[in-house]
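What follows is a set of notes on a single structure, which appears directly below.
Laboratory data are not the source of any read-out in this text; all were calculated from the coordinates shown. Everything numeric here is computed off the predicted structure, so don't read it as measured data. Here Cβ is always computed from backbone atoms with ideal geometry, including for glycine, and neighbour counts include all displayed protein chains.
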Amino acid sequence: MIAVRAPATSANLGSGFDVFGVALDRPADVVRVERAAETTIEVTGAGAQYIPEDPAKNTAGVVAAELGAPAHIRIDKGVRPSSGLGSSAASAAGAAVALAELYDRSLSDEELVRIAAEGEAAVSGDAHADNVAPAILGGFTVVRDDGIERVNADLSLVACLPDIVVSTRDARGVVPDSAAMSDVVDTVGSAATLVLGMCRNDPERVGRGFEEHVVTPARAALVDGYADACDAARDAGATGVTVSGAGPGVLAVCRERDQKRVAGALVGGFDDAGVDATAYRTTVGDGATIL
Ligand SMILES: Nc1ncnc2c1ncn2[C@@H]1O[C@H](COP(=O)(O)OP(=O)(O)OP(=O)(O)O)[C@@H](O)[C@H]1O
Ligand SMILES: N[C@@H](CCO)C(=O)O
């Protein structure tokens, strides 16, 4: 039996739609695999009742089929589905790393990411790799068709999960088809600032790099309480706040000394809007790890 811990991730970070992603130190899924004649899946943990155990509909089962590696797969969910914290990607990444080990396949990180992204395609309709790349490689990642860049970063983050369901499939439907040139210029400036901030472990630059005015407002409209939560987090010292992935999760960056206050402020802001929420005080984490 092989067991792998695969982390939650936050994609986009505002200015890097479908490009940027970051591994979070917590929460995480644990994926356990054993060889079997055909693939079966058992899911327990956070939101397990909403996750299909049919291998053709579960990201981990799709990965097993892609790899030609049938197994009994047990997934203990730490990352709630439809959260914006890369729940489906955590299972896909965990399965890819665990099954490659179980079947002695020597695959590069890029190959593992491509296979895990096929699992994502099965649920969201699109093989975007901005969650599975950091879930496998850890750190902050930049995903493009021609390869993946990765840097380590040391930053205090808060991931806040309101008790609302937004599926990635639905949230991709509200992304505008085009953008004004002035918004494109702003986004490029933000993205460049964010990358510098990641390389320098600088929460100010990373926070400014979250600014983006095309995709984020369309996604934020799907998240009740988003504006209240952002205002409260900024007042508490967050240097940046944005929608995590496709939402409804929210990601804040801050200085370490402000992390506890920012977490409380995000939960309080959602509460003011009548929405229950859970906050995870976290950092940039490692990728999927064999236990
Ligand atoms: N192993 C799995 N873990 C979680 N969700 C899964 C899994 N397999 C299939 N799904 C389905 O995928 C959907 C959740 O994925 P979705 O991409 O919408 O959310 P997410 O991964 O939390 O968000 P995001 O990609 O924005 O960070 C749900 O419909 C769920 O049933
Ligand atoms: N980049 C993806 C991440 C969610 O899986 C999106 O925003 O739709």
Considering amide H positions built from the backbone, and no H for Pro or chain starts, which residues 5 or more places from residue 26, or on another chain, come under 5 Å of its amide H?
283
Under a Cβ-only charge scheme (Lys and Arg +1, Asp and Glu -1), can you give me the dipole magnitude of region 47-181 about the Cα centre, in debye to the nearest 20?
340 debye
Quick one: angle between helix 226-235 and the longest Cα principal axis of the chain, in degrees between 0 and 90, rounded to 10, please.
60 degrees
Tell me which of 155, 225, 167 sits at the most positive position along the dipole axis of region 153-283, charges placed on C-beta atoms (Lys, Arg +1; Asp, Glu -1).
155
What does DSSP give for the chain in terms of the percent of beta bridges that are antiparallel, rounded to the nearest 5?
90 percent
With everything on Cα atoms, drop me the angle between helix 181-199 and the longest principal axis of the chain, reported from 0 to 90° to the nearest 10.
70 degrees
Taking 0.36 nm per intervening residue step and subtracting the Cα-Cα distance, what contour gain separates residue 272 from residue 38 on full extension?
79.3 nm
So, in nm, how far is label residue 231 from label residue 290 when the simple model puts each one 7 Å beyond its Cα toward the Cβ?
5.2 nm
Using the alpha-carbon atoms, what tilt in degrees (0 to 90, nearest 10) does helix 109-124 show relative to the longest principal axis of the chain?
80 degrees
Please report, in debye to the nearest 20, how large the charge dipole of the chain is about its Cα centre when each Lys and Arg carries +1 at its beta carbon and each Asp and Glu carries -1 there.
580 debye
On the formula 1/(1 + (r/R0)^6), with r taken between the Cβ atoms of residue 165 and residue 1 and R0 of 51 Å, the FRET efficiency rounded to 0.05 is 0.95
